[in-house]
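Data block below; observations after.
Taken together, the values in this text are just the output of simple stated rules run on the coordinates, not laboratory data. Given the structure is predicted, the values throughout are model-derived calculations rather than measurements. Note that we place each Cβ from the backbone using ideal geometry, even for glycine, and neighbour counts take in every protein chain shown.
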Amino acid sequence: MTTIRSVLFLALSAVTLSCGGSPDPDTTPPIKASTVEVSIASVTLADDCGTGPTTIPTAPTQIAQARAVDEPAGRSMAKGASMSQAQGDRACEQSSIQLRVENGTTVASTVAIHKIELIDDNGIKVGELTPRAPSRWAADTYQVWDQQVAPSEVLQVSYALSAPSVSRGASYTVRVTIAAGDGERTIEQRTTLEAEASLPPGVVT
């Protein structure tokens, strides 16, 4: 009996190995692929002046400091960031959104905004903003951007936005749906719409 049991055990073991019961010692666990990272640097909610973006990109250290002291996102970062004069001295301030795009992959990727929504304090969608004029910051100015990101490239980009048709002086969550090379994702940032809408340049009342 002992001999028969030993033979049966060896036979079953051989069948198990032939069916993949034992892992291949040369097999390594899959490595998670790098992705295209997109984050909101700042948001300016104001007017629609018919221009491209005009807000100078915020330095990464300024973004970190603003978040560390829990300031309303987009409020402190937009202060003094315009390429024009201070708000009180100009007739129109262009609404815009600034993004940081980092391609952690080894292939070129396309990045585009699908939609931008405004959410109030009750979690209710109260409006949408239309993005246009995608631009990248280079050589201390905005240049036309084809929404392409090269492998391992990091960009500071911006889109001009339509004017928000919501109450001034209130805070909103800006919800952005982004399409990148590795899929679609949603990013959010809270910002305050402070200034009253103003007249376009050249308009006299």
Report summary line: Residue span THR110 to GLU153: 0.36 nm per residue of separation minus Cα-Cα distance leaves a gain in nm of 14.3 nm
Requested in this report: Calculate one ³J(HN,Hα) per residue across the stretch 42-50 by plugging θ = phi - 60° into the Karplus curve 6.51 cos²θ - 1.76 cosθ + 1.60, and present them in order as whole Hz with x for glycine and proline.
Outcome: 6, 9, 10, 9, 8, 10, 10, 8, x
Query raised in the report: Based on the Cβ-Cβ distance of THR177 and ASP121, what FRET efficiency does E = 1/(1 + (r/R0)^6) give at R0 = 22 Å, to the nearest 0.05?
Result: 0.60
Query - Summed side-chain charge close to GLU153 - residues other than GLU153 whose Cβ falls under 12 Å, Lys, Arg +1, Asp, Glu -1 - result: 0
**Report entry** For ILE56, distant residues with modelled amide H under 5 Å away
**Finding:** SER82, MET83
